[in-house]
Amino acid sequence: MKSDTKPDVCVVGLGYIGLPTAAVIARAGCQVLGLDVSQTVVDTINRGEIHIEEVDLDGLVQGVVSRGLLSASTEIAPADVFVIAVPTPFDKNHAPDISYVLAAGRSVAAVLKAGDVVILESTSPVGTTDKLRDLIAELRPDLKIPGLTRDTPDVSIAYCPERVLPGRILEELTNNDRSIGGITPRCARKALAFYKRFVRGECVTTDARSAEMTKLVENAYRDVNIAFANELSMVADRMGLDVWEVIRLANRHPRVNILTPGPGVGGHCIAVDPWFIVHGAPEETPLIRTARGVNDHKMSHVIAKAEALVEAHPEAKVACLGLAFKANIDDFRESPARFVTSRLARKFGSRIHIVEPYAAQLPIEFTDTGAVQIDIDDALETCEILIVLVDHDVFRVVPLAERSEKLVYDTRGIWPDQPRVVREAAARLALTA
Ligand code: SAJ
């Protein structure tokens, strides 16, 4: 690949990260082939449509597909740069599963040629890029592989984690800084030249293992800090304090910045990635492991408190506000709000009314529970109990006049003006339950 010509790019995995990445690279003028195992996903993208929701992604994909810059396939083809963005789940013992990364590596190895750059973006345990390199070396003994040859290697292999926030993916893909970890410094420089084509943020080069760890550390840092906030919220319940008031006051200290308690930590990143560190260094990670436990426990605490409130008012209709894993998105994966609501729906059936403006219909687990979906206006008119589980803007803006008579359990702290006595009553109920 000459530095002045635009490389042909193959993005392996067209999910929440791969598809926006493929589209942004195509927008920069590269010819992009997106690879996915799902024929449905491939067909959808080739029609210029998308199978995931993300702000402005539909228009971007439609544009690059219609200009012939992005196409999708289930079959890999030769390219100059390969970007691997496949899932790295964990098993029931929290051991990371890198089989999708290795499967992608096998596909790439089949078409790899001298001069190509292979970049892993999937969140991965430390050492995964080395394993990918070893696999490529095994499958392609004809190529000189970085770190294993004394000569100039034929290909470059690097790790460059994504760090975009769902709901702001396109903006953050372009503007966030990137860590680029090469198997060798030369590999890092080759990957850097590629990212410079579409990233405006600063691209900082390092080694592959440090870049892998950096990604895990970022999400573990956030998990630990959310756990601190969630633990405080449970302490405050025990002591009859308003946690939001305490955090607001503490955060006026110039060096204190406590995050926001909620019903637990959802999504596919922050609740997963810390385990990759724990798995790699079990003896050295009591804090990270405990933080995970605190955030998971917060969900049980919320369920107990909500159940106590609903049981104490047997005539009241209940509205659960939100199912998404966080505010203003339609992503319901690993959502504590969804889990809490489904527990309440199974227990209280038709008393439970669910408000989720981002869901066209209720997820499958609500079938046959008797729970129904209503909109926020109906909830405010008909339900006496409101349980806030997601801080969607549409809930945040409900004025006090429309909820001052309600029994409110606000797990997100979106209504600081709600009469305090009601919130404390809910807390006391849970503690005596
Ligand atoms: N949450 C709280 N309180 C807070 C902040 C978040 O309860 O103060 C909850 C949210 O409601 C949600 C969960 O934590 O359930 C995670 O939300 P998030 O907004 O913190 O993060 P994600 O999962 O959407 O995206 C994270 C981001 N990582 C960091 O901010 C360090 C993102 O930059 C990563 O790219 C992404 O993980 C990823 O793909 O790894």
For this session: Tell me which residues, restricted to the stretch 279-300, are more than 13 Å from the ligand (Cβ to nearest atom), surrounded by 15 or more Cβ atoms within 10 Å (Cβ to Cβ) and under 21 Å from Phe325 (Cβ atoms).
Result: Ile288, His297
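Aromatic (Phe, Trp, Tyr) and either at pLDDT 95 or above or within 19 Å of Asp410 (Cβ to Cβ) (or both), is that true of Phe332? Give the derivation first.
Working: aromatic (Phe, Trp, Tyr): yes; either at pLDDT 95 or above or within 19 Å of Asp410 (Cβ to Cβ) (or both): no.
No: the conditions fail for Phe332.
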Exercise. Hey, any hits in the stretch 255-278 for a residue that's touching a residue at least 60 places away in the same chain (Cβ under 8 Å) and more than 14 Å from the ligand (Cβ to nearest atom)?
Worked result: yes
Seminar exercise, completed: Given (1) touching a residue at least 60 places away in the same chain (Cβ under 8 Å); (2) of a type in the set (Asp, Glu); (3) in contact with a Phe, Trp or Tyr (Cβ under 9 Å, 6 or more places away or on another chain), Asp410 misses just (1)
Problem set entry | Extreme residue, least open to solvent (accessible area, probe 1.4 Å), among residues of the stretch 1-59 that are modelled with pLDDT under 95 and polar (S, T, N, Q) | Thr5
Seminar exercise, completed: In the stretch 235-246, anything away from the ligand (no atom under 16 Å from the Cβ) and among the small types (Gly, Ala, Ser) is listed as Gly240
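From the list Leu249, Leu232, which residue is within 14 Å of the ligand (Cβ to nearest atom), open to solvent by 30 Å² or more (accessible area, probe 1.4 Å) and more than 30 Å from Pro185 (Cα to Cα)? Give the steps one after another, and end with the answer.
Working: Leu249 fails: within 14 Å of the ligand (Cβ to nearest atom).
Answer to the selection: Leu232.
Before we move on, is Ile183 over 28 Å from Lys326 (Cα atoms) and out of contact with any Cys (no Cβ under 7 Å at 6 or more places or on another chain)?
Answer is yes for this residue.
Just to be sure, is Asp223 within 12 Å of the ligand (Cβ to nearest atom), at pLDDT 95 or above and either surrounded by 15 or more Cβ atoms within 10 Å (Cβ to Cβ) or aliphatic (A, V, I, L, M) (or both)?
So Asp223 passes the test.
Would you call Glu384 over 28 Å from Val55 (Cα atoms) and either assigned by TED's automatic domain parsing to the domain that holds Tyr16 or at pLDDT below 95 (or both)? Can you show your working first?
Details: over 28 Å from Val55 (Cα atoms): yes; either assigned by TED's automatic domain parsing to the domain that holds Tyr16 or at pLDDT below 95 (or both): no.
The answer is no for Glu384.
Going by what's in this entry, would Gly322 be described as modelled with pLDDT of 95 or more, open to solvent by 10 Å² or more (accessible area, probe 1.4 Å), in the same structural domain as Glu402 (by TED's automatic domain parsing) and on the phi > 0 side of the Ramachandran plot?
Values: modelled with pLDDT of 95 or more: yes; open to solvent by 10 Å² or more (accessible area, probe 1.4 Å): no; in the same structural domain as Glu402 (by TED's automatic domain parsing): yes; on the phi > 0 side of the Ramachandran plot: yes.
Considered against the rule, which asks whether it is modelled with pLDDT of 95 or more, open to solvent by 10 Å² or more (accessible area, probe 1.4 Å), in the same structural domain as Glu402 (by TED's automatic domain parsing) and on the phi > 0 side of the Ramachandran plot, Gly322 comes out as no.
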For this session: Note down all Cβ pairs under 6 Å where the first residue falls in the stretch 75-95 and is acidic (Asp, Glu), the second is open to solvent by 20 Å² or more (accessible area, probe 1.4 Å), and they're at least six residues apart or on different chains.
Result: Asp80/Met1; Asp80/Asp8; Asp91/Asp97
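Working only within the stretch 205-220, note down all residues that are within 16 Å of the ligand (Cβ to nearest atom), of a type in the set (Val, Ile, Thr) and open to solvent by 60 Å² or more (accessible area, probe 1.4 Å).
Val217
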For this session: Starting from the stretch 157-168, take each residue that is in the same structural domain as Gly105 (by TED's automatic domain parsing) and open to solvent by less than 20 Å² (accessible area, probe 1.4 Å) and list its partners that are of a type in the set (Phe, Trp, Tyr) and more than 9 Å from the ligand (Cβ to nearest atom), counting only C-beta distances under 7 angstrom and pairs at least six apart or across chains.
Result: Cys160/Tyr195
Exercise. Within the stretch 364-381, is even one residue among the charged types (D, E, K, R), assigned by TED's automatic domain parsing to the domain that holds Lys317 and within 28 Å of Ile258 (Cβ to Cβ)?
Worked result: no
Problem set entry | Cβ-Cβ under 7 Å pairs, at least 6 apart or on other chains, the stretch 286-299 side in a helix (DSSP H, G or I), far side away from the ligand (no atom under 15 Å from the Cβ) | Ile288/Val278; Arg289/Val278
Problem set entry | Which numbered condition Val390 fails, given (1) open to solvent by less than 40 Å² (accessible area, probe 1.4 Å); (2) modelled with pLDDT under 95 | (2)
For this session: Please work out if Leu120 is buried (at least 21 other Cβ atoms within 10 Å of the Cβ) and at pLDDT 95 or above.
Result: yes
For this session: Among the numbered conditions (1) part of a loop (DSSP other than H, G, I, E, B); (2) open to solvent by 10 Å² or more (accessible area, probe 1.4 Å); (3) modelled with pLDDT of 95 or more, tell me where Val65 comes up short.
Result: (1)
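The values are calculated or read from the model by the stated rules, or taken from the named source; none is laboratory data. Predicted model, so just to flag it, every value in this text is computed and none were measured. In this analysis, Cβ positions are derived from the backbone assuming ideal geometry, glycine residues included, and neighbour counts consider all displayed protein chains. Side chains included, ligands, DNA and RNA excluded: accessible areas come from the protein's heavy atoms. Shrake-Rupley method; radii C 1.70, N 1.55, O 1.52, S 1.80 Å.
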